[in-house]
Every structure is written in C-alpha cells, then in structure tokens.
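Asks: Here it is, the structure, as structure tokens.
The values are calculated or read from the model by the stated rules, or taken from the named source; none is laboratory data. The model shown is predicted, which means the values in this text are computed figures rather than measured ones. As a convention, Cβ positions derive from the backbone with ideal geometry for all residues, glycine included, and neighbour counts pool all protein chains shown.
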Amino acid sequence: MPGKDSRRVEVRKAQSLGKSSLGITIPKAWASSVGVEPGSPVYLELRDDGILIRSMGREAARSSSIHVMPSSTVDEVLRMVISSYLRGDESMILKFDVNPSLKEHLFRSIKAKLAGVELIEESPVEAHVKVLSLQTQLPLGKLMSRMWLTVRGMLRDSLELIGNSDGELVEDVTARDDEVDRTYLLIHRLINMAIAGTISLKSVSLENRMELTPYLLVAKSVERSGDHAWRIAQWAPNLVLAEPAMIAMRELGFKVLELSNAALNAFIDKDTGIAMNILNQRNVLLNERMEAMTSMHDVPADSRGFALLVIESLGRIAAYAFDIAETTLDGYS
C-alpha cells in the first residue's frame, strides 16, 4: 500500500482569511516537490473546471535527447525535433552518428521550420537546439491573422501565375510557405503549453481555456490552405488555357480567396452571423466549381491534368474555409 507522500489526491477544507480571501493548505511534501516554500510566489489561474496552482519558483528546463542513427533520414529526425518543440521542450540535444551532409541538411530544415530557435553545434557528434523563452505576450489572434495574411498573399500570387512562368514568383510563394509552417508550429506549441499550464492564458491573450482547441483547429486549416496555395503555384505555370477557361479558373480562385478571408475574420471576431452566411454558400460554390471543371474540357491534354489539380486544390481551400466557419459556430454560439 503506498505511503502518504505518494498520494496525488487530497481533500482539504477551505478556511476563511478575511472578507475577500480563503486559504487552503497544501501537503508539505507536495509543495517541496515543486519548489514551493514559505514566501514563494505561486501562479493562480481560474479554469472552467477548477483552479490551477503552479509554482513560479525553480522549474527544471524541459529537454529531450534525440539520437540520430546512421539509418535516420532528415525527415525522420526533423519529425522528432518538431514533436519535442510542440510538447513545449526548451531544448533538444541531438547526438549524431551520421555524415556531415545530412547534418547540414537537417540544420537548414530546423531553422526553416521552427520559430524562435537557436542551434548550437557543440561538437561533430552533438548539437543543441534551444527554444527562446517567451519574453512578451504572443496573442494567438495576432499570430493567426499574420499567418492568414501570408496564405492570402500566396494564393493571390498563385492565381496570377496561371499561364505565367514567373520562376521568381514561384520561389517567393515557396519561401512564404515555410513562414506559414513556422507560424503554425509556434501556435501549436503555445496551445499545448497553455493546455499543460506551463504558460498562462494571459500570455496568449485568451480568457477562456475552451478557445484553445478551436484556435488549433483553425490554425491547421489555415496551414493546409497554405499548402494548397503552394501546390497551385507549382502547377499554374504549366497551364496553357484559352481565355474563357483562364477567366473561369481565376474567378473561382478569387471567390475562394474572398470566402476564406471572410471565414478567418469571422473566427477572429467571433462573428457567428457571418460564419452562418459562409456555410450557406456551400452549394453555390460547389456549382461554380463544377462549372469551372466543365470549362476545362477543351483544354489541351497536356494542360488539362494540371488544370483539374488546381481546381481540386481550390476546392480544398474552400472546404477549409467552411471548416473554419463551423468551428466559429461551435465555439462561440
């Protein structure tokens, strides 16, 4: 039978400490285990299901160790680093047993994908990835808006690339896709840390813990929209379209862009009326998408496949806009 110090549940009575305060005693062993002593400051947060109490004193840095084996690929190691980053780890130790070219590729990928990291190569066989601590508030709403503005610009430029082989613009869209990924992973990290209680809701400018899940869902929809904008940029220069087909595709694209912009703004503003109006446009947009596909029948065979891929990606971006509208209704009705 476990001893008293091993218990993780206790029932204590609240005691009156005056007209506006109550006191609750904490088992001394518990307090000592998290570094709380007489006079130590503690962090209090009112949650929907209770009150969170956290030590503000000493806190061991969250760290992980990743062994890069000779058989490891860059994508496999990067996935492990991202998982550690999303958990809220403050540092990762990479231990290598691989050739220098793989290390260099991995380091470039880490810097491209993760925001606020410092990469220090301690030796040929070890490197540290350190995540910079939060010094100021990082409002999720502003991060989300910034991510969407990047995606919106990517989609607009991708539509301009239809039939236009501007290599520099394609590269620019690709670079912005990396920025979208960085912002999404930062939002995901902050949400996970807020859920775990390692950062406060105030630090991400939220008041209700129930908003964390909707923000994560919407962030993922925006990130995936960016992926499809990137895909369109790769396919669009290969299109050879007659003017009617080009006009139909661009009109569909800009309608999807307008729809997505309205959906994101409705979520940020918690406007359920606009969200409902967006959902009411599902059948209209579906018909317009089918009309655009029909207009591609006369497109040369070497362009038709790319044209249908572009229309399919526009359909996926519209679906994400509808998902965002549904999340707005579910979260704020």
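Asks: Can you name the residue in segment 90-125 that is buried (at least 18 other Cβ atoms within 10 Å of the Cβ) and not hydrophobic (A, V, I, L, M, F, W, C) and is also farthest from Ala175 (Cα to Cα) among such residues?
Replies: That would be Glu90.
Asks: Does Arg176 fit the bill of being touching a strand residue (DSSP E or B) at 6+ places or on another chain (Cβ under 9 Å) and assigned to a helix (DSSP H, G or I)? First the steps, then the outcome.
Replies: Details: touching a strand residue (DSSP E or B) at 6+ places or on another chain (Cβ under 9 Å): no; assigned to a helix (DSSP H, G or I): yes.
So Arg176 does not fit the description; no.
Asks: Can you tell me which residue within segment 144-172, out of those that are of a type in the set (A, V, I, L, M) and more than 15 Å from Asn261 (Cα to Cα), is farthest from the chain's Cα centre (by Cα)?
Replies: Applying the filter and picking the extreme gives Ile162.
Asks: Determine which single condition Leu46 fails, assuming it passes every other condition in (1) in a strand (DSSP E or B); (2) at pLDDT 90 or above.
Replies: Condition (2) is where Leu46 drops out.
Asks: For segment 272-285, indicate whether the set of residues that are in contact (Cβ under 8 Å) with a residue 60 or more places away in the chain, out of contact with any His (no Cβ under 6 Å at 6 or more places or on another chain) and at negative phi is non-empty.
Replies: At the first step, the residues of segment 272-285 found to be in contact (Cβ under 8 Å) with a residue 60 or more places away in the chain are 272.
Now narrow it down to the ones that are out of contact with any His (no Cβ under 6 Å at 6 or more places or on another chain): 272.
Now restrict to residues that are at negative phi: 272.
Looking through segment 272-285, at least one residue is in contact (Cβ under 8 Å) with a residue 60 or more places away in the chain, out of contact with any His (no Cβ under 6 Å at 6 or more places or on another chain) and at negative phi.
Asks: Please tell me if Gly197 is out of contact with any His (no Cβ under 7 Å at 6 or more places or on another chain), surrounded by fewer than 19 Cβ atoms within 10 Å (Cβ to Cβ) and either over 26 Å from Arg62 (Cα atoms) or not assigned by TED's automatic domain parsing to the domain that holds Leu252 (or both). Step through it out loud before you land on a result.
Replies: Working: out of contact with any His (no Cβ under 7 Å at 6 or more places or on another chain): yes; surrounded by fewer than 19 Cβ atoms within 10 Å (Cβ to Cβ): yes; either over 26 Å from Arg62 (Cα atoms) or not assigned by TED's automatic domain parsing to the domain that holds Leu252 (or both): no.
Criteria not met by Gly197.
Asks: Quick check on His67: is it in contact with a strand residue (DSSP E or B) (Cβ under 9 Å, 6 or more places away or on another chain), farther than 23 Å from Asp181 by Cβ and either modelled with pLDDT of 95 or more or in a strand (DSSP E or B) (or both)?
Replies: On the way: in contact with a strand residue (DSSP E or B) (Cβ under 9 Å, 6 or more places away or on another chain): yes; farther than 23 Å from Asp181 by Cβ: yes; either modelled with pLDDT of 95 or more or in a strand (DSSP E or B) (or both): yes.
Considered against the rule, which asks whether it is in contact with a strand residue (DSSP E or B) (Cβ under 9 Å, 6 or more places away or on another chain), farther than 23 Å from Asp181 by Cβ and either modelled with pLDDT of 95 or more or in a strand (DSSP E or B) (or both), His67 comes out as yes.
Asks: For segment 289-309: of the residues being among the acidic types (Asp, Glu) and part of a helix (DSSP H, G or I), which is surrounded by the fewest Cβ atoms within 10 Å (Cβ to Cβ)?
Replies: Checking each candidate, the answer is Asp302.
Results for (1) aromatic (Phe, Trp, Tyr); (2) not in a helix (DSSP H, G or I), shown as yes or no for each residue.
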site	(1), (2)
Thr213	no, no
Lys220	no, no
Leu241	no, yes
Leu257	no, no
Phe267	yes, no
Ala275	no, no
Ile278	no, no
Asn287	no, no
Ile311	no, no
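Asks: A follow-up question, please. Is it the case that Arg224 is outside the structural domain of Leu119 (by TED's automatic domain parsing), in a helix (DSSP H, G or I), surrounded by fewer than 19 Cβ atoms within 10 Å (Cβ to Cβ) and among the basic types (Lys, Arg)?
Replies: Values: outside the structural domain of Leu119 (by TED's automatic domain parsing): yes; in a helix (DSSP H, G or I): yes; surrounded by fewer than 19 Cβ atoms within 10 Å (Cβ to Cβ): yes; among the basic types (Lys, Arg): yes.
Taking the combined requirement at face value, the residue satisfies it.
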